[in-house]
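Taking it in order: structure first as structure tokens, then the write-up.
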Amino acid sequence: MIERKERKPYWRHTKWQMLASLIPFLGVCIVLPLYAGNLNSSRFLGFPLGYFFALHGLVLIAVITVASFVNRQDAIDHWHGAHENT
Amino acid sequence: MPYARTRIVNPKLGAFFGIFTSAFAGLAILALIFEGLDVPLPMIRTFVLIGAFVLFSVIGLASFTQDQLDYFTSGRRVPDFYAGLGLAMTAFGATGLLGLTGSFFLVGFDALCLSIGGLAGFVVMAVLLAPFFRKFGAYTVPSYLGRRFDSRAVRLTSAGLLAVPMVLILAAELRMGAFAVSRLTETPPSTLISVLAVVLAVTLGAGGMRSLSWSGAAQGIACLIAVVVPVTVVAVLMTNLPLPQLSYGGVMKTVGRGEASLGLPIVLPPALAFDLPGEGLQPIAKRFSDALGSVGPAAFVIAILTTMAGIASAPWLLPRVAATPGVYEARKSLGWATVIFGLIILTIAPAAVFLRAYLIEVFTAPGAARVPEWINELAALKAAAVDAKGAKLQLTDFLFSRDAVLFSLPVAGRLPAAAVEVTAAGVLAIAMAAAGSSLMALGNILAEDVVNGLSWEPPAEGLRLTAARLSLAVAALFGAAVAIIAPTDPMELLLWSLALSGSAAFPVLVLSIWWKRTNAFGALAGLVVGFSVAVLAILAGEGGWMGVDGALAGAFGIPAGLAAAIAVTLVTPHPSKHLFELVRDIRVPGGEILYDREMLLLKRRKMKRS
């Protein structure tokens, strides 16, 4: 069980983790498709690069973002003693 | 002990679903054998569809329960992978699966706005909402909101408003499920919609969320097999590699060259154009890999954000997160959901490219272009048509039905006819999974937050379950009626419902956790303003009074809801100390499940009184 005075630092830590997970990911999601047309002139594995990034690249980035979030947030929980007791 | 924290995951799950997977694969192989034995096609079709239908229904019925924790949250023992599978499948639905494949085929790159939005939705849900919703442990989203703000008004209002997007999803999925079955038969869709709704109500009524979780997991597996295997076979035929997700670069090169030589136009749309293909037969609109041809750049970004908000706060997805054994597993389940969602997108995009390649082949083959056999077969099924305007065939003379593209690929690839039937079974599975999920959420909201909504004290267990089952039946009837009476394009319904749930629920749900000052007045204002602005924007967009498509209504609804919630909160008094304490508890993963704790307190108080 988390100690009372530990709750504030825990939440501050969690907020930073939230921003660190979401801002880069959403930035890429929004900006990348807008430049896909320009990237399409190069090719990778036969794919137009813009299309390849917008499809395969974003799937990969999303999976990595969630995986790293789960891992980091779990570490934060344990650091502050906020984790569930199993 | 109805409120005890049960975290034991059934160790035999893997074996059960292994058996199911073999059974489904056996069904598909039997269908292929029957075809080899010259059994008539309608019989094979009946065999596959009924077989799949029976498998899912049996799992649903076998999960019968009389325990309310099982009925409302599947006993909180759905492991992360199965929960993620259910989430990904429900977010797609048959509408998303067929509509997105068709959109990829017809407008290429631009369909990505929806898939990116879905992915972003899962990421945002994992970070901002899911762990906290699981920690709170409420059975429905309105119950959570009502309890979090300690306000019956918030509970009833959110129940009323959030029911709307769920009815839309339910209607869309029932129509798509009926389409997957009726596609090749003469049965009228209204009969199929009714049958589907009744079967869903009966199988889900048996075990509630428990039935939904386990039959949904089975449906997810069936759908994965039915979608991935045919596309993989076509990939082997076309690229010699059984990896459709990565190997079609060369095919895209050929397609791109063909499109250029056949003179497919390069379109430069206005910034707010949102021209995704609708229902009905239509020609290919633009070159596949050209970015932003049917959807303008501004509309593309708005579509990503609206879909993201809609998926992240979907009141038909969040209750499934509450069925995971713990907060850590809730986060992990969203990880699995992202993986499976990504896998399906990566598989349906090549399906669209392969069909385009078959079409381009018609023109690049030596000799004069003529209508190939597979197009004639598709035309007989009303999945495609040829509308030759001149003496010489053009690429745009071929018309395709958006929702039938996924079924057209096995026909174009000359796969055995049974492959189409297996794909149809997979689509039926995903339609049942998504329709079941919204039906379940709708029924539970009706029972918990409307019928029993005036009192926080939970009714007696038997009464509570009876109310939930009756509400489920009412919701099924209602959804079927809407699906039959209002035959709108399911894809449109899906986009509207995402815009509505995003506008009404997303700002309030996020603020309820991340800004503890938010009070009941702010929540009420956010819900009502977000929802009404979104409805107005949809009406204005569809009526043509505004240059923005109705599907982009979230662009107005979400900021309006957010602004209203913040503004009204700031001018009204602080919430009580108890609520501050409650938010602090929601934010910490460890400790008791708050909803169960509050219900237990209420029960004790009631017992003391009597």
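The values are calculated or read from the model by the stated rules, or taken from the named source; none is laboratory data. Since the model is a prediction, treat every value here as computed from it, not as a measurement. Cβ coordinates were reconstructed from backbone atoms using ideal geometry, including for glycine residues, and neighbour counts include every protein chain displayed.
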Going through (1) without any contact (Cβ under 8 Å) to a residue 40 or more places away in the chain; (2) under 30 Å from B:A379 (Cβ atoms); (3) small (G, A, S) one by one, B:G296 fails only at (2)
Contact list please: Cβ distance under 6 Å, first residue in the stretch B:487-502 and part of a helix (DSSP H, G or I), second residue of a type in the set (D, E, K, R) and at pLDDT 90 or above, pairs at least six apart or on different chains. B:P490/B:R175
Residues being surrounded by 19 or more Cβ atoms within 10 Å (Cβ to Cβ) and more than 20 Å from B:V199 (Cβ to Cβ): count how many of those fall in the stretch B:55-67. 0
Which one of B:V510, B:V583, B:V529, B:V533 is within 14 Å of another protein chain (Cβ to nearest Cβ) and closer than 30 Å to B:L276 by Cα? B:V510
State yes or no: is B:L276 away from every other protein chain (no Cβ under 13 Å), within 30 Å of B:D387 (Cβ to Cβ) and touching a Lys or Arg at 6+ places or on another chain (Cβ under 6 Å)? no
Single match in B:G108, B:G84, B:G96 (criterion: closer than 25 Å to B:F506 by Cα and within 14 Å of chain A (Cβ to nearest Cβ)): B:G84
Hey, does the stretch A:4-16 have a residue that's farther than 30 Å from B:F81 by Cβ and among the acidic types (D, E)? yes
Answer yes or no: is there a residue in the stretch B:222-235 that is crowded, with 24+ Cβ neighbours inside 10 Å and farther than 30 Å from A:G46 by Cα. yes
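A quick yes/no check of all residues on (1) under 24 Å from B:S194 (Cα atoms); (2) at pLDDT 95 or above; (3) out of contact with any helix residue (DSSP H, G or I) (no Cβ under 9 Å at 6 or more places or on another chain):
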{"site": "B:A447", "(1), (2), (3)": "yes, no, no"}
{"site": "B:V450", "(1), (2), (3)": "no, no, no"}
{"site": "B:S455", "(1), (2), (3)": "no, no, no"}
{"site": "B:A460", "(1), (2), (3)": "no, no, yes"}
{"site": "B:A468", "(1), (2), (3)": "yes, no, no"}
{"site": "B:P507", "(1), (2), (3)": "no, yes, no"}
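Residue-by-condition table, conditions (1) under 26 Å from B:T95 (Cα atoms); (2) in contact with an Asp or Glu (Cβ under 7 Å, 6 or more places away or on another chain); (3) outside any helix (DSSP H, G or I):
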residue: B:L428; (1), (2), (3): yes, no, no
residue: B:A434; (1), (2), (3): yes, yes, no
residue: B:D449; (1), (2), (3): no, no, no
residue: B:R464; (1), (2), (3): no, no, no
residue: B:A467; (1), (2), (3): no, no, no
residue: B:S471; (1), (2), (3): yes, no, no
The stretch A:7-43: number of residues that are at the interface with chain B (Cβ under 9 Å from one of its Cβ atoms) and farther than 25 Å from A:V66 by Cα: 5
Scope the stretch B:236-257; condition within 10 Å of chain A (Cβ to nearest Cβ) and either surrounded by fewer than 20 Cβ atoms within 10 Å (Cβ to Cβ) or assigned to a helix (DSSP H, G or I) (or both); matching residues: B:T239, B:Q245, B:L246, B:S247, B:G249, B:G250, B:V251, B:M252, B:K253, B:T254, B:G256
Residue hits (the stretch A:38-56; over 20 Å from B:I345 (Cα atoms) and in a loop (DSSP other than H, G, I, E, B)) are A:S41, A:S42
Among the residues of the stretch B:295-313, what is the count of those that are buried (at least 24 other Cβ atoms within 10 Å of the Cβ) and either away from chain A (no Cβ under 13 Å) or in a loop (DSSP other than H, G, I, E, B) (or both)? 2
Among (1) part of a helix (DSSP H, G or I); (2) in contact (Cβ under 8 Å) with a residue 40 or more places away in the chain - the single one B:L601 does not satisfy: (2)
Has the stretch A:54-73 got at least one residue that is more than 11 Å from the chain's Cα centre (by Cα), closer than 30 Å to B:G591 by Cα and within 7 Å of chain B (Cβ to nearest Cβ)? yes
Only one of B:T324, B:T347 is within 14 Å of chain A (Cβ to nearest Cβ) and under 21 Å from B:V78 (Cα atoms); which? B:T324
Which ones in the stretch A:44-53 are more than 7 Å from chain B (Cβ to nearest Cβ) and surrounded by fewer than 21 Cβ atoms within 10 Å (Cβ to Cβ)? A:F44, A:L49
Do we find a residue being at negative phi, in a helix (DSSP H, G or I), under 26 Å from the mean Cα position of the chain (by Cα) and crowded, with 24+ Cβ neighbours inside 10 Å anywhere in the stretch B:271-288? no
Only one residue in B:A217, B:A178 is in contact with a Pro (Cβ under 7 Å, 6 or more places away or on another chain), aliphatic (A, V, I, L, M), part of a helix (DSSP H, G or I) and in contact (Cβ under 8 Å) with a residue 12 or more places away in the chain. Which one? B:A178
Just one of B:A94, B:A111, B:A126, B:A52 is at pLDDT 95 or above, part of a helix (DSSP H, G or I) and surrounded by 24 or more Cβ atoms within 10 Å (Cβ to Cβ); which is it? B:A126
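Report whether or not B:T338 is over 30 Å from A:H83 (Cα atoms) and among the hydroxyl-bearing types (S, T, Y).
When the stated conditions are applied, B:T338 does not pass them.
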Test B:R148 against the criterion of being on the phi < 0 side of the Ramachandran plot, at pLDDT below 95, of a type in the set (K, R) and touching a helix residue (DSSP H, G or I) at 6+ places or on another chain (Cβ under 9 Å), and give yes or no. yes
Applying the selection to the stretch B:14-53, what residues are closer than 15 Å to B:L415 by Cβ and among the small types (G, A, S)? B:A28, B:A31, B:G36
